[in-house]
């Protein structure tokens, strides 16, 4: 059906209420007029005429709407013939008015009209909509999913099905298959509708139902439709995890719910964030720079600082004392690998607002921790490869906000860990190497070294690992690498779009996690790029040209980034002629401290004429649960199928606001993008 006929069919939903109201009014006025009120007869006749006319229009538009499909055939046929019958009877009532049988035709019209209305309601709301019990207010609350089920319960029955019933089955069930899709069972979702299967077991990113949910709420294909109760982030997380686990009826609740999913005790924010501290002066910050000390502000208008002193064998009091004028503003201090001794640790007592402290690989002993008595808001403490023992660990008993302590390769014993763990059950103490010598440790992942993610001819890629006796293994065909994969010996030369996956492995150790990077051979360059909204004046780069000029950066200060604060990046790429594309790639930067985050999602639409766009790909990115390190990523968005089009519209959706865990929570955050590639 083309757009005009679709428009006419949907007029049925507007017009159908007119004959119902007018004909019911005519029936009631006729009863009143029969009580010796003949002056009302002309009014009744006018109402009958209007009601009959609108009933005919409603029946015609309803027939056109039925051609869209997606409704239960039996219910549709019953509703259709009852509607036609009501229209015919209303016409006869008008023609036979004030004749002996006219009143009986009008009564029959009302009865048939009510029956047609009931069948129409069954089509749109379900066959039991009139008699079913209303859900409780709690069940309809957007922030409440369901009561907490047993962790070993069936995830589909306990979690997934209630979400689908409340948010999807109004339009997608056996008696109303909108788009030909029913979501009443796993089988019907796999069967799919006219746009394909609703889910792909094990492939959450490629599952149509999640792609439609992730579209902007203003998009025509967004589900549930605008105006309906939307699926919450918690519910999306469950659906995603369930599909990723294989969309099976055998999956258990504990497999698809994060530990913090169900409503539980909320950890209050660190009181440091509510303290009023003056902004650091430019003079004091410059002094740190002159001494080679890195100071990062936690937000443009935040007074708080994160301090990092590079590995320094000559660290002395001069550098530590340079920090003292900023002691109230310093919330994170990293001296890992430096010559930070017990003598220098005395100055820690003058930093009362410390939240994170990294003393890893420094020559400190238990006495150093005695200087942390005033640091009552400490959350993170790294003591890896120090001389700390159980006695030092017990000096931390007054740190109720501590969440993570790392004591790998120290003199701390399992008993010392247990003592502190019993006092603070929620405290995570990482002892690193297991004390059971028969257990194996995992290697860290190798580094993948390269100049650019995308290239025109070839790109050289190297793998790096500190220990030469460790074997590095890789694949170039999307398969997960094992020790049976190709072994890395020399730098690789790639001449086509490839995903490189690599692991480190050695006898007596567990293999590392997989390191993965995609490399894209760029063969298509748009002739024109249009930004639908200008970037922030603070980060304008070269405007639209920056998305296709091939220039990228890996640092925040690079002049290639288009920055959007609290807003989305939306652009249209015109290739001048029809191109075949299967993937989109977006080059992004992240640095959470100054409010820069990876996108919430990326959506791609394609068009032949630049006017009518169809969705072709979507990717939802997981949100950070804590402060991440600065990094650059090339984000891939695979299409549902290869697309032939001239125009491609890209939407890079901003997270919107800093999350609740961020020291500047609620402030509008940034996205940084400097290249978009279609291949």
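If you average the alpha carbon positions of the stretch 333-401 and of the stretch 564-597, how far apart do those two centres end up, in angstrom?
42
Rg and Dmax of the chain, using alpha carbons, in Å: what are they?
That works out to 33.1, 112 Å for Rg and Dmax.
How much length would be gained if the chain were fully extended between residue 92 and residue 525, taking 0.36 nm per residue of separation minus their Cα-Cα distance, in nm to one decimal?
Numbers: separation 433, 0.36 × 433 = 155.88 nm, distance 6.70 nm.
Extending this stretch completely gives an extra 149.2 nm.
Run the numbers for residue 327 and residue 308: contour at 0.36 nm per residue of separation, minus the present Cα-Cα distance, in nm.
Answer, rounded to one decimal: 5.5 nm.
Arrange 427, 354, 48 by Cβ neighbour counts within 10 Å, fewest through most, would you?
Least crowded to most crowded, the residues run 427, 354, 48.
Given Cα pairs under 8 Å that are at least 6 residues apart, what percent is the relative contact order of the stretch 264-382?
21
Would you please give the FRET efficiency between residue 274 and residue 32, computed as 1/(1 + (r/R0)^6) with r the Cβ-Cβ distance and R0 = 56 Å, to the nearest 0.05? Please report the intermediate quantities before stating the final value.
Working: r = 70 Å, r/R0 = 1.24.
Between residue 274 and residue 32 the formula returns 0.20.
Note down the nm distance, to one decimal, between modelled labels 7 Å out along Cα→Cβ at residue 507 and at residue 657.
Between residue 507 and residue 657, the simple spin-label model gives 5.8 nm.
Need one number: nm distance between label points at residue 631 and residue 25, each 7 Å from Cα along Cα→Cβ, rounded to one decimal.
6.6
Compute the distribution of all C-alpha to C-alpha distances in the stretch 528-678, in bins of 5 Å from 0, and list the percent of pairs in each, rounded to whole numbers.
Final binned percentages: 2, 10, 20, 22, 20, 14, 8, 3, 1, 0.
Can you give the calculated 222 nm mean residue ellipticity of the chain, where each DSSP H run of n ≥ 4 adds -39,500 (n - 2.57) and the sum is split over every residue, rounded to the nearest 500 deg cm²/dmol?
For the chain, the value works out to -8000 deg cm²/dmol.
Nearest-5 percent of antiparallel DSSP beta bridges in the stretch 279-382?
Around 30 percent of the beta bridges assigned by DSSP in the stretch 279-382 are antiparallel ones.
Per residue Cα convex hull volume for the stretch 370-470, in cubic angstrom?
174
By count of other Cβ within 10 Å, fewest leading, how are 172, 17 ordered? Intermediate results must be reported in sequence, preceding the final value.
Working: 172 25, 17 12.
Result, fewest neighbours first: 17, 172.
If I take every Cα pair under 8 Å that is 6 or more residues apart in the stretch 528-678, average their sequence separation and divide by the length, what percent do I get for the relative contact order?
Relative contact order of the stretch 528-678: 34 percent.
Throughout, read-outs are computed from the coordinates displayed, never taken from laboratory work. Given the structure is predicted, the values throughout are model-derived calculations rather than measurements. Every residue, glycine among them, receives a Cβ derived from its backbone with ideal geometry; neighbour counts consider all protein chains shown.
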